[in-house]
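The values are calculated or read from the model by the stated rules, or taken from the named source; none is laboratory data. The structure displayed is predicted, hence computed values, not measured ones. A quick note on method: Cβ atoms are made from the backbone with ideal geometry, for glycine too, and the neighbour counts reach across all protein chains shown. Note: areas computed on protein heavy atoms with side chains; ligands, DNA, RNA excluded. Shrake-Rupley method; radii C 1.70, N 1.55, O 1.52, S 1.80 Å.
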Amino acid sequence: MRVLVLPVLLLTLALGGCAAEQKSVLAGGSSITATVANPVGPVDLYRAKNVYSATLKLAVSYREFCWSKPYAALVADPITRPVCQDRRKVVRAMQAADTKANAAIKTAENFVRRNPTLSAVSVVGAAWQAVTDFQAAVPRAGA
Amino acid sequence: MSDLQSILDAVNLGLSVVKRVADMGGSVVPYASTLSNAIGVVQQLVKTGADVAEEIQAITDTFSKPMPAQGDLDRLDATIAASRARLHAPLPPAEPGEED
């Protein structure tokens, strides 16, 4: 009986992978051999990149706003002073946050490209978090 | 501006769909709140006059259309690269009264 166990097991697994209705355990099914379309992947990453792009424009907008006038004029104005008086520190913080966000997005892109059937949830999640952190580094001018 | 508002409304609608899936324990990245922060970013950009119509439309389209063509992906990468270059350009020297 023991002699038959391994071939039967292998046959079961093979059939499990081939059956049209079998779902992968990664998708809530029971098959450990069925492939799964990437549940988190290119479209999520694309959304993250668009939000990242919009955040970058906001960061650039801040920088250009706070260098649109001499520093003395910016700090003399009660509206621009709180936004721009630490402009150099703010820009450096935005640059650092952007470097991390960009790196996280690149990591996610490489993973999705190389692993089309694996879930990209952790790398895309990390990319989203990095983009959120970048958003937090950008002051809300005029808010 | 009214076109932009209707696009923002569409994105908000899309967000509510994503959030419902997330609340039901669906296998989505828990980024619904981050995506809703994106609305704040977009609205801020509208206030400062920065052009983000392209990004808004792209996010809206992800809820109703297939993945964009390679040309659109390349265009997004080029936009990102150009923005990064401007953000990371060396700062001008500190002015009188300004800390470096």
Computed from the beta carbon distance with a Förster radius of 30 Å, FRET efficiency for residue B:73 and residue A:89 to the nearest 0.05 stands at 0.30
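With all pairs of different alpha carbon atoms counted, what Kirkwood hydrodynamic radius in Å does the range A:68-127 show? Mind showing how you got there, number by number?
Values: mean 1/r = 0.0705 Å⁻¹.
Value: 14.2 Å, from the Cα pair sum.
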Checked against a 19 Å limit on the C-alpha separation, the offending pairs among A:49/A:100; A:49/B:65; A:69/A:89; A:49/A:89; A:57/B:65 are A:49/A:89; A:57/B:65
FRET efficiency (residue B:54, residue A:115; Cβ distance; R0 25 Å; to 0.05) is 0.30
Once Lys and Arg are counted +1 and Asp and Glu -1 for all other residues with Cβ under 12 Å from that of residue B:88, the total becomes +3
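Per residue, how large is the accessible surface of the range A:66-143? Use a 1.4 angstrom probe and give square angstrom. Mind dumping the intermediate values first?
Values: 3940 Å² over 78 residues.
For the range A:66-143, the solvent-accessible area averages 51 Å² per residue.
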Lys and Arg at +1, Asp and Glu at -1: neighbours of residue A:46 with Cβ under 15 Å from its Cβ sum to -2
